[in-house]
Amino acid sequence: SLPEVIQMDGTYSLNKGGMPLYALVAENCHRKGKLACLVLTRGETSLCIETMLERLKDSNSGLARTQVFIVDKDFAEIRAIKKVLPDVKDLLCIFHVLKAM
């Protein structure tokens, strides 16, 4: 089952198929992260990310306990999270915030 904090990031068009690869890292109560899943999606749109999250939610009831998603500044990711998990708080990754500054 997934814990209360999940970090999500996508790599864009780094593979031969040009498909985004999303990595979700689950963090436990001791602040130890563990790779929860890797998912190739058809694209970077909110709909593609929503579909990924819906399938993850359907196959893992622990996702209902998730309270925080940490993401980069990708608005498609934020919209998808809010649609699939409306009660989850989204936070921006400090690395990506500093990089953008």
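Which pairs have Cβ atoms under 7 Å, sit 6 or more apart or on different chains, and link a residue in the range 75-98 that is under 13 Å from Ala64 (Cα atoms) to one that is among the hydroxyl-bearing types (Ser, Thr, Tyr) and outside any helix (DSSP H, G or I)?
Leu85/Thr66; Val88/Thr66
For the range 63-81, enumerate the residues that are touching a Cys at 6+ places or on another chain (Cβ under 9 Å) and part of a helix (DSSP H, G or I).
Selection gives Ala76, Ala80.
Taking the residues in the range 22-33 that are over 14 Å from Asp9 (Cα atoms) and without any contact (Cβ under 8 Å) to a residue 24 or more places away in the chain as candidates, determine which candidate is surrounded by the fewest Cβ atoms within 10 Å (Cβ to Cβ).
The qualifying residue surrounded by the fewest Cβ atoms within 10 Å (Cβ to Cβ) is His30.
Taking the range 67-77, which residues are crowded, with 17+ Cβ neighbours inside 10 Å, modelled with pLDDT of 90 or more and either more than 25 Å from Cys29 (Cβ to Cβ) or not hydrophobic (A, V, I, L, M, F, W, C) (or both)?
Answer for the range 67-77, where residues must be crowded, with 17+ Cβ neighbours inside 10 Å, modelled with pLDDT of 90 or more and either more than 25 Å from Cys29 (Cβ to Cβ) or not hydrophobic (A, V, I, L, M, F, W, C) (or both): Ala76, Glu77.
Which residue is surrounded by the most Cβ atoms within 10 Å (Cβ to Cβ), if the candidates are limited to the range 38-62 and must be of a type in the set (Val, Ile, Thr) and not in a helix (DSSP H, G or I)?
It comes out as Val39.
Checking Met8 against (1) touching a residue at least 24 places away in the same chain (Cβ under 8 Å); (2) within 15 Å of the chain's Cα centre (by Cα); (3) loosely packed, with under 14 Cβ neighbours inside 10 Å, only one condition comes out false. Which one?
(3)
The values are calculated or read from the model by the stated rules, or taken from the named source; none is laboratory data. None of the values given here were measured: they were computed from a predicted structure. No Cβ is skipped: glycine too gets one built from the backbone with ideal geometry, and neighbour counts run over all protein chains shown.
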